[in-house]
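The structure appears right after this line, and notes come after that.
No value in this document is a laboratory result; all are computed from the given coordinates. Quantities reported herein were computed from a predicted structural model and do not represent experimental measurements. Positions of Cβ are backbone-derived with ideal geometry, glycine not excepted, and every protein chain shown enters the neighbour counts.
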């Protein structure tokens, strides 16, 4: 019995208010999350929305879906705060245990999608956040004498410190608060753009694919994750492929719509579904998948819990079909090739690799 794959929209509201909201895909609705030890969530920040400083129990990647966000990062035991200004199409990796804050200083909403590896998380398939301050903050759990000794305060001052922030998770800040300027030389070290149309694989009139691995963003090697962005023009197809190193894929449709098919070891579709903006689906280990965009085109963000994944192609120039000799193809596809010569097989392969426009 092969894994059951479903296509799901975000179903759990963790927090919602005038500052924005945080939403998650739950294990109950998407059980493959816990089975695959992956987590998925989405942060919406309205203008002047501020996510309080926190750390998380998982390695994760943030994809900016819309807007621009100022982010502060402090790694464990580091005396330095790194400040980033990330915008739509940027990807920022986040290390487990690192403290971060998120602020929307613009005039429009900002949304960031999070995918992560929850193999070390408190609850596999879910992210757990630990806030430094606020009504759910860690300081609130310590008695005033602990806080007083920690920060060199008297009893009254420690009580005022703990109770000063009455918000939880997200708060809306007043106009005029000036946040730090972005740190110098952070791009290409702490974050990168993934929706660049001059991508790693570009097919004119059909779309492009971009990969972010430890090869082009070193911090991904430290957290063991990688990212991919696929843009398909109207009616274009992403040919069948699989992750050859045995990594699972988690995918999100950021724009447009299309059809996704996933095939498992028994040669039968385990997913054949229409997908649209906001849908999430998971491709299990070694399963092969293909995507065809609708007339409107389609954009898909995905993450693999490996910093240097190996993607195997089932069609195209780098596929096994291109490498196999004509006689092997004749034997492998006996019915189709039984009356064809080696020359005709070679011509078929050329068409397969470079179909006419």
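Remark: spin-label model distance residue 237-residue 318 equals 2.0 nm, labels positioned 7 Å along the Cα→Cβ axis. Name the residue, out of 230, 248, 311, whose mean-square fluctuation peaks in a Gaussian network model built on the chain with Cα pairs under 10 Å. Of 230, 248, 311, the Gaussian network model singles out 311 as fluctuating most. Shape class for the range 12-172: prolate, because the ratio a/c of the largest to smallest gyration tensor axis (alpha-carbon atoms, square roots of eigenvalues) is 1.5 or more and a/b beats b/c. Pick from 268, 60, 187: which residue has the top mean-square fluctuation in a GNM of the chain where Cα pairs under 10 Å get a spring? Checking each option, the largest mean-square fluctuation is seen for 268. In terms of other Cβ atoms within 10 Å, 107, 90, 272 run from fewest to most in the order 107, 272, 90. Using a Gaussian network model of the chain in which every pair of alpha carbons under 10 angstrom is joined by a spring, one finds that among 143, 12, 126 the greatest mean-square fluctuation is at 143. Between residue 160 and residue 290, the modelled labels are 6.9 nm apart [label points 7 Å from Cα along Cα→Cβ]. If you wrap the tightest convex hull around every Cα atom of the range 196-353 and split its volume per residue, you get 129 Å³. Taken as Cα centroids, the range 178-254 and the range 293-327 sit 14 Å apart, rounded to the nearest whole angstrom. For residue 215 and residue 172, the difference between the fully extended length at 0.36 nm per residue and the C-alpha to C-alpha distance is 11.7 nm. In plain terms, the residue of 102, 25, 321 with the fewest other Cβ atoms within 10 Å comes first and the most crowded comes last, giving 321, 102, 25.
Computed from the coordinates I sent, Kirkwood radius over Cα pairs in Å equals one of (1) 20.6; (2) 23.5; (3) 22.3. Tell me the label. Checking each listed value against the structure points to (3).
Based on every Cα atom in the range 74-129, Rg and the maximum pairwise Cα distance Dmax equal 13.4, 37 Å.
Among 70, 128, the ranking by other beta carbons within 10 Å of each residue's beta carbon, starting with the fewest, stands as 128, 70.
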